[in-house]
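Contents: one structure, followed by commentary.
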Amino acid sequence: MSRFDHTQYRPFVPPVTLPDRRWPEQRITQAPRWCAVDLRDGNQALVEPMTVEQKRRLFMLLLEVGFQEIEVGFPAASQPDFAFVRWIIEQGVIPDGVAIQALTQARKPLIERTFEALHGVPRAIVHLYNSTSKVQREQVFVRSRAEVIALAVAGAEEVRAQAEKYPDTEWTFQYSPESFSATEPEFAVAICEAVMAVWQPTPKRPMIINLPATVEMATPNVYADQVEWFCRTIARREALVISLHTHNDRGTAIAAAELGLMAGADRIEGTLLGNGERTGNMDILTLAMNLYSQGIDPRLDLSDMARIVRTVEEVTAIPLHPRHPWAGELVYTAFSGSHQDAIRKCLAARRPEEPWEVAYLPINPEDIGRSYQEVIRINSQSGKGGVSYLLERDHGLMLPRWMQIEFAQVVQRWAERGAVEVTSDRIWQLFQEHYIEGAGAYRILRYQIDRNPQAADQLVVELQRDQEVITLCGSGQGVLEALVKGIEQGLGVRVEITNYHEQAMQGTTDADAVAYLQLRCAGHLYSGVALHRDSVSAMLEALLVAFSRIGGEVELRHAS
Ligand code: KIV
Ligand code: ZN
């Protein structure tokens, strides 16, 4: 029998009932206080924890991005973390206004060692935690509620006593009831208030209470209810900074953090791109970009996304998924034809002074250093819009609709055959093969047109085909009709022009004019394109290219 048996699990019972919840009506209108925990929680989750040099690189990146609170390690538990904390303090690389944060368990020797590590720092946050959930109390630590509160209080007293020994540092105290989201809400409030009684926070000197979803247990609305209930219940809310620390076990850490902000929290802990225990910590980069894309200043500078991604990938040795929100390699790329068409139209209609509104592109990729080059890429799912967009972008050609449809099929057949992406270079090669290169079959040596407003235009054109020189003469309303007649009389082939379009080029190539032409011969359609300095030559050449493509299908009777 399969072990995949859901009956062994129970639903998570929402621990608070909050029928008058207010968070669903709230909107996030400003960025929270951010605290990056990449160097602590993120680092603890790596197969190979970061070296001091890698930590230094990541620390510098976090500073450049603009974090003002950075958890730099768990110095009492790890010698490399201790060394790193000493290094950044002794090197004086912590800018004014930035507070480093160090995590400690609620045990006297660990707290002492944490303060030793922080010695000499101008500002710091000491982050005290202990586990509070029922399963941790009863099965892991085998402690009663009172004993768990006593542990937290003793830890808080030790933190206060140690801080008094280092009066030159501006200390902030933070307490986390670890596994908050699985803790009975009344107990979470009781233990936090017991710690508050020791630290005596005031609105001027607030303490931070961090509410971890250490393991994500439920849908994010349940966490939001817990946060709102906590904020409404805890004493002296005005003397507290409520911080959220969500993990991503169910894949909704970001949603939980967002709803938690709506529920009244002030601060968010997380990591860039979401590295962290198991499925990761809350991804700060995504949350910040979510705000940015809604017109809210995230107060983090994410404009050099490539550098952020590269650094995080290198120090964590974890490659970023190409579809990672906002930062992945493919997230500004459309392969689907209808998406490409919509993007092309919106970009063409866009007025730079107006708010961004482009279908399928929630932000302008240029904001984060990405280019429009990558927006439209072609595979067998793509349609005429994308193919035409690339020809226009890279070669200045604006194909008429009939040719867009025709050429998209050529590209699609090619993509299907190879089951691969079709690059812009390949598209250009296919375009030349199909529409331009046939020109070699008939080279125009010279031509003469007699224009007569009262009668038909007379055309004499001398062509070379292989070693042979052919002269065609024809008359008609306009040059094209005259050449059609010339072909009929001189080569014995009846052709009819079914589509014609001319484009003036704007300085992108040597040519000034492009002619796109389609003709019908013996029930089949043939197309040609010619780029030329003057529009008459382009016209004639386009007709001759299309005509050349008839090839062996029609027996050409050369004039003797
Ligand atoms: O996930 C967690 O609960 C933690 C705490 C130490 C804050 O990382
Ligand atoms: Zn954590």
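The values are calculated or read from the model by the stated rules, or taken from the named source; none is laboratory data. Not measured: the values here are computed from a predicted model. All Cβ positions, even for glycine, are placed from backbone atoms using ideal geometry, and neighbour counts span all protein chains on display. Ligands, DNA and RNA are stripped out before the accessible areas are found, and what is left, the full protein with its side chains, is counted by its heavy atoms. Shrake-Rupley method; radii C 1.70, N 1.55, O 1.52, S 1.80 Å.
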By how many degrees, 0 to 90 and rounded to 10, does the Cα axis of helix 185-199 deviate from the longest principal axis of the chain? 70 degrees
Could you please put V469, V514 in sequence from largest to smallest accessible area, using a 1.4 Å probe? V469, V514
Counting only DSSP beta bridges with both partners in the stretch 28-316, the antiparallel fraction in percent, to the nearest 5, comes to 5 percent
Tell me, what HN-Hα J-couplings in whole Hz come from the Karplus equation 6.51 cos²θ - 1.76 cosθ + 1.60 at θ = phi - 60° for each residue of the stretch 258-270, using x for Gly and Pro? 5, 5, x, 5, 4, 7, x, 6, 10, 9, 10, 9, x
Calculate how steeply helix 52-65 sits against the longest principal axis of the alpha-carbon atoms of the chain, using the helix alpha-carbon long axis, and give the answer as 0 to 90 degrees to the nearest 10. 70 degrees
Among L259, A239, A224 - extreme Cα towards positive end, dipole of the stretch 214-267, charges at beta-carbon: A239
Which of the listed residues, Y516, S2, A542, is farthest toward the dipole's positive end in the chain, when Lys, Arg count +1 and Asp, Glu count -1 at the beta-carbon? S2
Furthest towards positive pole of dipole, S475, A455, Q489, structure part the stretch 441-548, Cβ charges: Q489
Spatial separation of Cα centroids for the stretch 309-366 and the stretch 453-490, in angstrom: 51 Å
Which of the lysines could a cross-linker bridge to K108, judged by Cα under 23 Å and excluding same-chain residues fewer than eight apart? K165
What list of ³J(HN,Hα) values in whole Hz, one per residue of the stretch 355-372 in order, does the Karplus curve 6.51 cos²θ - 1.76 cosθ + 1.60 (θ = phi - 60°) give from phi, with Gly and Pro shown as x? x, 4, 8, 10, 4, 6, 10, x, 9, 6, x, 5, 4, 10, x, 9, 10, 5
Go through the stretch 340-381 and name the trypsin sites (Lys or Arg not before Pro) that are in a DSSP coil and have 13 or fewer other Cβ atoms within 10 Å of their Cβ. R350
Give a residue-ordered list of calculated ³J(HN,Hα) values for the stretch 111-125 (Karplus: 6.51 cos²θ - 1.76 cosθ + 1.60, θ = phi - 60°; whole Hz; x for Gly, Pro). 5, 4, 5, 4, 5, 4, 4, 8, 3, x, 7, x, 9, 7, 10
Packing-wise, with mean Cβ within 10 Å as the measure, how do 8-21, 408-421 rank, highest first? 408-421, 8-21
Most packed first (mean Cβ within 10 Å per residue), the peptides 222-233, 88-99 order as 222-233, 88-99
What accessible area per residue, rounded to a whole number of Å², is obtained for the chain using a probe radius of 1.4 Å? 48 Å²
Angle in degrees between helix 220-233 and the longest Cα principal axis of the chain, rounded to the nearest 10: 40 degrees
Y9 versus R494, label points 7 Å from Cα toward the beta carbon: distance in nm? 7.4 nm
Subtracting the Cα-Cα distance of E48 and A419 from 0.36 nm times their residue separation yields 129.8 nm
Amide H contacts of E69 (H built 1.01 Å from N, under 5 Å, at least 5 apart or other chain): A36, A99
At 222 nm, what helix-only mean residue ellipticity would the chain give, in deg cm²/dmol to the nearest 500, using -39500 (n - 2.57) for each DSSP H run of four or more? -11000 deg cm²/dmol
Net charge, F431 excluded, C-beta distance under 14 Å - Lys, Arg +1, Asp, Glu -1: -1
Between K204 and L445, what is 0.36 nm times their sequence separation minus the Cα-Cα distance? Round to one decimal in nm. 77.8 nm
